[in-house]
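Undergrad: Pasting a structure below so you can have a look.
Quick note: the coordinates plus some simple rules give every number you see, no bench work behind them. Not measured: the values here are computed from a predicted model. Ideal geometry is used to build each Cβ from the backbone, glycine not excepted, and the neighbour counts take in all protein chains shown.
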Amino acid sequence: MSARLETLAYERRQLQDRSALYRLRLRRDALAVRGALNWKRVPGVLATAPVLRTVAWSLAMSLLGVGRAARVLLIAGRVILVAKLARAAIGYARASRKAA
């Protein structure tokens, strides 16, 4: 009976060691992915990759809800409009100052 218990204990240790090894590999791979991800490039990648754009839209819809997502888009559109108008006004002011 003790041989059977020793075998079970040995198999249990093997499983625990294998589990610890897999957890270490997962942690290492997660750190590698985190290190490879450059947060400054994320908006550009989201804008250019259609699949990621769809995923980001779906995530925003699921987290925010339709009404809130619409409000966020409305505010973002207004911010972009104001930024473009400000850029045009600054360009106009610079052009008239150079002409004078």
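Undergrad: Please turn the phi angles of region 3-8 into ³J(HN,Hα) values with the Karplus equation 6.51 cos²θ - 1.76 cosθ + 1.60 (θ = phi - 60°), one per residue in order, whole Hz, x for glycine and proline.
TA: Rounded to whole hertz, the list is 5, 5, 5, 5, 5, 5.
Undergrad: How large is ³J(HN,Hα) for each residue in region 60-65, as worked out from phi by the Karplus curve 6.51 cos²θ - 1.76 cosθ + 1.60 (θ = phi - 60°), to whole Hz, x for Gly and Pro?
TA: For region 60-65, the Karplus curve yields 5, 5, 6, 7, 8, x Hz.
Undergrad: Further question: Quick check: convex hull over the Cα atoms of region 50-100, volume per residue in Å³, rounded to an integer?
TA: Details: hull volume 3.6 nm³, N = 51.
In region 50-100, the Cα convex hull volume per residue is 71 Å³.
Undergrad: What spacing in nm lies between the two simple spin-label points modelled at Lys40 and Tyr22, each 7 Å away from Cα in the Cβ direction?
TA: 3.9 nm
Undergrad: Provide, as a two-decimal number, the C-alpha radius of gyration of the chain over 2.2 N^0.38 Å, N being how many residues it has. Walk me through the numbers before you get to the answer.
TA: Working: Rg = 27.9 Å, N = 100, 2.2 N^0.38 = 12.7 Å.
For the chain, the normalised Cα radius of gyration is 2.20.
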